Amino acid sequence: MKKITALLLAIAMVLGLAACGGGTASTPAPAETAATESGQPAETGGTDTAEPITLRIGYMPNYASLWGVLSAMNKGYFEEEGITVDLWEFPDGPSEVAAMEGGSVDLAYIGKGAHTLCIQGRAMIFAPSSVHTTDKIVVSADSGVESIEDLAGKRIAYSSGSSSESTLNSALSQAGLTADDVELFDMDVSYMVSAMVSGSVDVAVAWNPYTSEILNQVEGSKEIVFSNGSINLSSWICLPDYAEENRDVLLRFSRALYKGMDYGSDPDNWEEVAQWCADRTKTSLEANLAQTGDAEWFDIATLTSTLEDGTMEGYYEHLQQDFLDAGSIKPEEAVDVSTFTLFEIMKEALGI
């Protein structure tokens, strides 16, 4: 197996952040603050009593990562809570966790794969973002792959420690294959586009916008969609110590975020939200609109009902079981989900 380790990338990311002091891993960017719509005053928030704060937020350059937070920023919901948001771009969840541990980021969005780090005690989940129950891989036209059963013997690009790895494990498990049955190339997700374009690999286990880039640049490439009953969750996280010391900050951030999610989950607003995401990621509106069908985007009503009836807790229990079944975590690492998921913060921020 050829491996570009996620650890080295994470270390490089933290060093880059420390050197640059803002923006992406390599390029400083000015802080982005929440703003109300022109002519529309913000609702009364907590700014009269709460101390104004600036939060450094880790995100990945795709719709799933940005839809809720950008909605809250552009609708003025963070401003209502006295929060200025400074966005920092990362390639994956493990890099974000490493940056938080290095003191460069306060809060971050993660996809499915990085939830293993929460189970292992390195981070705490304080807000859900979205869920879906299907996975996708991208295959080249001449790979001969028509279903996941055809993956045997293929050259597969994936990114360890991320949602890419969990999706790969799900595909191999459902197909009755193991890592020994394929040729694996562990790489940063941003390298997968060029790997597919050059023909160095047959299959890429990526996420948007990289998936869309491959489909656009590699003639005849296509997506293989599969489901084995697994749960694919995305969440917002912080470090355990941060959660203990900043409960009020998490509540304020969550209240604003949930309002943004409520706005962004409305299909009538998808084009507007997709444009905000396109502007931030410097990608096309069409590419971001295509991502609106990737998941179920939680609104306030769904968050409230699933927290009240135990469905949300069940999602995280199912997620942990998926990791156990795939071997992503060891049996002795499994814990009660309440040890890494702050359900009380979620409920209090929603007023339930």
- Query: In this structure, is ILE224 surrounded by fewer than 19 Cβ atoms within 10 Å (Cβ to Cβ), aliphatic (A, V, I, L, M) and over 17 Å from LYS112 (Cβ atoms)?
  - Reply: yes
- Taking THR49, is it open to solvent by 70 Å² or more (accessible area, probe 1.4 Å) and either of a type outside the set (Phe, Trp, Tyr) or at pLDDT 55 or above (or both)? yes
- Members of region 132-163 found to be part of a strand (DSSP E or B), modelled with pLDDT of 95 or more and basic (Lys, Arg), listed by number: ARG155
- Could you tell me whether any residue of region 135-152 is within 30 Å of ASP262 (Cβ to Cβ), crowded, with 20+ Cβ neighbours inside 10 Å and either touching a residue at least 24 places away in the same chain (Cβ under 8 Å) or not hydroxyl-bearing (Ser, Thr, Tyr) (or both)? yes
- Query: Of all the helices (runs of 4 or more DSSP H) wholly in region 62-131, which have at least 2 residues that are within 24 Å of GLU286 (Cβ to Cβ) and open to solvent by less than 10 Å² (accessible area, probe 1.4 Å)?
  - Reply: 63-74
- Within region 180-197, identify whether any single residue is surrounded by fewer than 23 Cβ atoms within 10 Å (Cβ to Cβ), charged (D, E, K, R) and assigned to a strand (DSSP E or B), and answer yes or no. yes
- Qualifying position, being open to solvent by less than 20 Å² (accessible area, probe 1.4 Å) and either free of Cβ contacts under 8 Å to residues at least 60 places away in the same chain or of a type outside the set (S, T, N, Q) (or both), among ALA290, ALA274, ALA301: ALA274
- Considering region 165-179, residues that are closer than 18 Å to GLN120 by Cβ and modelled with pLDDT of 85 or more, and then whichever is surrounded by the fewest Cβ atoms within 10 Å (Cβ to Cβ), we arrive at ASN169
- Task: Would you mention how many residues in region 305-330 are on the phi > 0 side of the Ramachandran plot and at pLDDT 95 or above?
- Result: 1
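The values are calculated or read from the model by the stated rules, or taken from the named source; none is laboratory data. These numbers were taken from a predicted model, which means no experiment stands behind them. Positions of Cβ are generated from backbone atoms using ideal geometry, with glycine treated the same way; all protein chains shown enter the neighbour counts. Side chains are part of the model used for accessible areas, which takes the heavy atoms of the whole protein and leaves out ligands, DNA and RNA. Shrake-Rupley method; radii C 1.70, N 1.55, O 1.52, S 1.80 Å.
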